[in-house]
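Visitor: This is the structure I want to talk about, given as structure tokens.
The values are calculated or read from the model by the stated rules, or taken from the named source; none is laboratory data. Quick caveat, the model's predicted, so the values are computed rather than measured. With ideal geometry, Cβ positions are generated from the backbone for all residues, glycine too; neighbour counts draw on all protein chains shown. Surface accessibility is based on the protein's heavy atoms, side chains included, excluding ligands, DNA and RNA. Shrake-Rupley method; radii C 1.70, N 1.55, O 1.52, S 1.80 Å.
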Amino acid sequence: MTNWAPDLDKFPGPRYRAIADALAADIAANRLTVGTRLPTHRDLAFTLKVTVGTITRAYAEAERRGLIGGEVGRGTYVKSGVPQNAADAWPQLPPPSGDTPALVDMSLCTPSAAGVAEGLAALFASMSNPAEFAGLLEYPPHGGLPAHRAAGATWLSRHQIAVGPENVLVTSGAQNGMAIAFSTVARPGDLILTERLTYFGMKALTSTLGLRLEGIAMDEDGILPDAFESACRQSAPRALYTVPTLHNPTTAIMPLERRRRIVEIARQYDVTIVEDDVFGFLVPEAPSPIQMLAPDITLHISSLSKSIAPGLRIGYLVAPSRLMPRLTATMRALNYAVPPLMGEMATRWIEDGSADRFAETQRRECRARQALTADVLRDGPAVAVPSYGQHLWLKLPEPWRREDFVAEARARGIIVTGADVFTVGRGAAPHAVRIGISMPERREDLRHGLEVLADLLASPVGASVSMV
């Protein structure tokens, strides 16, 4: 049995994933050969100063990638030098020296964690009276405790949504809000319209619910009204899902006049609008949310995942009064209610101003990272769409194809997401990638990742790999 003990400081992300990445790196570099017996869960946990559960999860992840296998009574062995899925592999390069990260993951849109953990610790310290927890341990109302709904209305009022608590439901993040919304207004087989490029969580959700999803043509300002009207006239859709402010993935911001036109068409054809506004807080002087233009036909979804922390899992669903009973019944069926403790944490942060401070931290960090990004990519041949947000939409120049660019970037230790992940329907995806500039923990890591991408754009050595 080897005394394998990786240096996890070179691998960002959760400990279990860092261990699996380190394992993949050492296998790729032939430092661990096929048949090598790995340390037991307990021994490796002791060596790395982590829990046995972390090692169990890390080995499970490595096994999922096809790197290792285990037999009862014999232990865990290196199974292969080549992962079954190349996309799961750590780049086939030795770890870089110095402080350069081995892997820069920019595949997701995640907020900065600055100050949130400290705020959480202070919040828990302030909740030292057992009596404060009594009301948080009972079955809560399905739509959330009254105080939590009121805090949600207060938070929304700071972001252009004027609504009373009676029209707010507390959800477990935006994805849960989306599930509640579409499970209420649509049935399996119904048609939902969205942008031609859309949030991949929406694609997964409609597939799970048995809904049909159709993409609508869009330009740099979002959905094309004529295309929306044509789809309504021909297909009788049940609802429209849209991200009008800082669209995911293109970062488009729909102008006010276009929002009004979309509302007119939706009214004409009796289409419910589901507005995803998780990024809206990042945009100064953003156009009015669609909910304020058409509160009677709009379900508005927001979340604290981008403004505070994704692990908080608190969101707010705003809906017209006529739909509230049905939405509440759907929430009861799907997840009964949001855990009151999480709702209480969010409420206290909203009431004491912490939530505003966290959101402002995100805005400042996004501005700094967008400036850094513009500086690194300024002279490149690609077109980086300007944005206020936590991600960037990069249109690739010839001869790059998105699949080649994603693969070559991965081979150099940089993870980005190709446009095909967001494309709705069978049409060709554009040759573009989404870059989560907020995901790297340090700005230095972001700069390193961007510099690698800039070098790729300037020297497309792998751009013709898939061409025949």
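Visitor: Compute, for the chain, the length of the dipole vector about the Cα centre, with Cβ point charges of +1 (Lys, Arg) and -1 (Asp, Glu) only. Units Debye, rounded to 20. Kindly include the intermediate steps, with their values, before the conclusion.
Guide: Details: 47 positive and 49 negative charges, 169 e Å.
The calculation lands at about 800 debye.
Visitor: What does the charge count around Ser112 come to, taking other residues whose C-beta lies under 12 Å from its C-beta (Lys +1, Arg +1, Asp -1, Glu -1)?
Guide: +4
Visitor: Continuing with this model, one more query. Test of understanding: express the Cα radius of gyration of the chain as a ratio to 2.2 N^0.38 Å, with N the residue count.
Guide: 1.04
Visitor: If you wrap a convex hull around the Cα atoms of the range 130-355, how much volume per residue is inside, in Å³?
Guide: Enclosed volume per residue, from the Cα hull, is 109 Å³.
Visitor: Given Gln362, Leu299, Thr33, which one lies farthest toward the positive end of the charge dipole of the chain, if we put +1 on the Cβ of every Lys and Arg and -1 on the Cβ of every Asp and Glu?
Guide: Sorting the options by dipole projection puts first Thr33.
Visitor: Still on this structure: Using the Cβ atoms and a cut-off under 10 Å, what net charge is assigned to the surroundings of Pro6, where Lys and Arg are +1 and Asp and Glu are -1?
Guide: -2
Visitor: With unit charges on the beta carbons (Lys and Arg positive, Asp and Glu negative) and the dipole taken about the Cα centre of the chain, which residue among Ile415, Val283, Pro188 sits farthest to the positive side?
Guide: Sorting the options by dipole projection puts first Pro188.
Visitor: With charges only on Cβ, +1 for K and R and -1 for D and E, what is the dipole size of the range 15-78 about its Cα centre, in debye, rounded to 20?
Guide: Here the range 15-78 has a charge dipole of around 120 debye.
Visitor: Related question: Evaluate the distance, in nm, between pseudo-label points positioned 7 Å from the Cα of Glu398 and of Thr47 along their respective Cα→Cβ axes.
Guide: Placing both labels 7 Å beyond Cα along the Cβ direction yields 5.3 nm.
Visitor: Dipole of the range 358-423, Cα-centred, from +1 at each Lys and Arg C-beta and -1 at each Asp and Glu C-beta, to the nearest 20 debye?
Guide: Values: 10 positive and 9 negative charges, 42 e Å.
That gives the range 358-423 a dipole magnitude of about 200 debye.
Visitor: Using amide H atoms built in the peptide plane, which far-off residues or other-chain residues are under 5 Å from Val274 H to H?
Guide: HN-HN under 5 Å from Val274: Leu240, Tyr241, Thr242, Leu299.
Visitor: Given the rule -39500 (n - 2.57) for each run of at least 4 DSSP H residues, summed and divided by the residues of the chain, what is its mean residue ellipticity at 222 nm, to the nearest 500 deg cm²/dmol?
Guide: Mean residue ellipticity, 222 nm, calculated: -12500 deg cm²/dmol.
Visitor: So with the 1.4 Å probe, I'd like the accessible area per residue for the chain, rounded to whole Å².
Guide: Accessible area per residue, the chain: 43 Å².
Visitor: So how do 306-319, 426-439, 19-32 stack up, highest first, on mean other-Cβ count within 10 Å?
Guide: Averaged packing, sorted descending, gives the order 306-319, 19-32, 426-439.
Visitor: Let me ask something else. Find, among the GluC sites (Glu not before Pro) in the range 185-225, those assigned to loop by DSSP (not H, G, I, E, B) with at most 11 other beta-carbon atoms within 10 angstrom.
Guide: Qualifying residues, ordered by number: Glu220.
Visitor: When Lys and Arg each count +1 and Asp and Glu each count -1, what net charge do the other residues less than 14 Å away from Val263, Cβ to Cβ, add up to?
Guide: Summing Lys and Arg as +1 and Asp and Glu as -1 gives -1.
Visitor: Holding the Cα-Cα limit at 31 Å, pick out from Lys10/Lys79; Lys10/Lys203; Lys10/Lys306; Lys79/Lys306 the pairs that are longer than that.
Guide: Details: Lys10/Lys79 23 Å; Lys10/Lys203 34 Å; Lys10/Lys306 26 Å; Lys79/Lys306 39 Å.
Listed pairs above 31 Å: Lys10/Lys203; Lys79/Lys306.
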